[in-house]
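The values are calculated or read from the model by the stated rules, or taken from the named source; none is laboratory data. Every value quoted in this text rests on a predicted model; they were computed, and no experiment measured them. All Cβ positions, even for glycine, are placed from backbone atoms using ideal geometry, and neighbour counts span all protein chains on display.
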């Protein structure tokens, strides 16, 4: 069995929408949300829904049983962070 192309992943970065990783090598190169990668590989999407929602609202919990394919209108966006003026 031949090995596939080497893929290098760097440390994930936390954004309000979820964890992102930069991948280099293989067929896809760029920045990707971890929840999108997990869902694309392990979560069937028979209705071809375009977005992923974290069932528990915790963007760090990217376990398959916590992810759900949804319509864009169903995605819960985090509240913007408002910093006090100095």
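Quick notes
- Which numbered condition residue 18 misses (of (1) surrounded by 11 or more Cβ atoms within 10 Å (Cβ to Cβ); (2) modelled with pLDDT of 95 or more): (2)
- Qualifying strands (runs of 3 or more DSSP E) (wholly inside region 29-86; at least 2 residues being at pLDDT below 95 and touching a helix residue (DSSP H, G or I) at 6+ places or on another chain (Cβ under 8 Å)): 51-54
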